[in-house]
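Remarks on the structure that follows.
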Amino acid sequence: MAIAMNISPKSQGELDHEDQAPVRMTLIEEYCGIITGMLEKLVSTQRDRLATAQDWVADALAADGLVYVTGSGHSHMIAEEVFYRAGGAAAVQAILDPALMLHQGAHRSTVLERLEGYAETVLEDYPIGPRDVLFVASNSGRNAFPIEAALFARQRGAKVVAITSSDHASHVSSRHKSGKMLHDVADLVIDNQAPYGDACLAIPNSEKRMGSTSTISGSFIINAVMAEAVANLGRRGIAVDIYRSANSGGGAEAEEIVRRWRPRIRGL
């Protein structure tokens with residue numbers, strides 16, 4: 001006797017999925033573990049420095065100063081991370097020189113970040129002063145631009161915070177005529193915990209590594225410091241303009257913030 005069975009046909013996608021071997025994600029999981037460990041170590045070892053940085057930022061904003069952020073090459077992304085960004089304070093001036101970024105020529109940016117005297121031509125267009133704080137991001141801390149940017153801001157009376165890798169810096173020498181590294185000329189140094197060479201994942205049958213780390217930890221540092229500083233001000237009863245996403249109902253509010261800050265912030 002035949003027995004009728006009601007079996008739903010499987011889609012082609014389900015059949016294809018059954019035929020596939022499980023995807024190995026060894027490096028994905030390793031990368032996650034390394035990054036998580038880096039951030040945990042960063043918070044535990046740099047706690048006092050992070051606290052000092054947020055105090056400086058809070059004091060700057062309370063005094064109607066600005067927070068400047070700059071970096072060359074990929075480090076420019078740390079500046080972009082807190083500039084005109086959902087969840088970001090309005091009183092942030094990213095110093096973004098197109099020639100030091102990658103879209104106008106990656107190799108060109110490498111040449112210019114090593115060119116002594118170039119930093120002054122960039123920063124002299126900004127009214128950095130004693131009320132302000134400048135964050136300079138550079139993983140190696142060896143090139144002329146970050147070193148001279150820090151020196152320029154300090155000469156103007158601003159406090160300078162370096163975001164750099166102590167491990168990488170310990171393996172290389174300065175390319176600046178002074179022989180100094182970024183950590184030598186900043187008022188405060190926050191170690192981003194990135195390993196020498198930045199990349200952290202060993203690739204089978206290769207001497208090369210992949211998986212950069214400094215952008216992730218640098219973004220964490222600048223966002224964490226800014227958030228803590230604004231919370232600090234909130235406890236003092238001082239309100240700070242903060243952007244909401246223009247794609248989540250904050251468009252009109254963002255336009256009003258831009259209107260207020262455009263006279264002081266370049267690039268809005």
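What follows is calculated from the coordinates using simple rules that are stated; it is not laboratory data. These figures come from a predicted structure and were not determined experimentally. Every residue, glycine as well, gets a Cβ built from its backbone with ideal geometry; the counts of neighbours run over all protein chains shown.
In table form, for the structure just shown:
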{"quantity": "Residues that are in contact (Cβ under 8 Å) with a residue 12 or more places away in the chain, closer than 13 Å to GLY267 by Cβ and not in a loop (DSSP other than H, G, I, E, B), drawn from the stretch 63-103", "calculated": "TYR68, VAL69, THR70, HIS76, ALA79, GLU80, VAL92, GLN93, ALA94, ILE95"}
{"quantity": "Pairs where the first residue, in the stretch 188-201, is surrounded by fewer than 17 Cβ atoms within 10 Å (Cβ to Cβ) and the second is in a loop (DSSP other than H, G, I, E, B), C-beta under 6 Å, 6+ apart", "calculated": "ALA199/GLY211; ALA199/SER212; LEU201/GLY211"}
{"quantity": "Enumeration of residues in the stretch 131-164 that are within 21 Å of ASP59 (Cα to Cα), touching a Gly at 6+ places or on another chain (Cβ under 8 Å) and without any contact (Cβ under 8 Å) to a residue 60 or more places away in the chain", "calculated": "ARG156, GLY157, ALA162"}
{"quantity": "Within the stretch 74-104, considering residues that are in contact with a helix residue (DSSP H, G or I) (Cβ under 8 Å, 6 or more places away or on another chain) and among the polar types (S, T, N, Q), the one surrounded by the most Cβ atoms within 10 Å (Cβ to Cβ)", "calculated": "SER75"}
{"quantity": "Residue ID - surrounded by the fewest Cβ atoms within 10 Å (Cβ to Cβ), chosen from residues in the stretch 168-187 that are in contact with a strand residue (DSSP E or B) (Cβ under 8 Å, 6 or more places away or on another chain) and part of a helix (DSSP H, G or I)", "calculated": "HIS183"}
{"quantity": "Residue identified as under 23 Å from ASP241 (Cβ atoms), in contact with a strand residue (DSSP E or B) (Cβ under 8 Å, 6 or more places away or on another chain) and not in a helix (DSSP H, G or I) among ILE128, ILE163", "calculated": "ILE128"}
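Okay, residues lined up against (1) assigned to a helix (DSSP H, G or I); (2) small (Gly, Ala, Ser); (3) over 30 Å from SER166 (Cβ atoms); (4) touching a residue at least 40 places away in the same chain (Cβ under 8 Å):
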residue	(1), (2), (3), (4)
SER219	yes, yes, no, yes
ASN232	yes, no, no, yes
SER245	no, yes, yes, yes
ALA254	yes, yes, yes, no
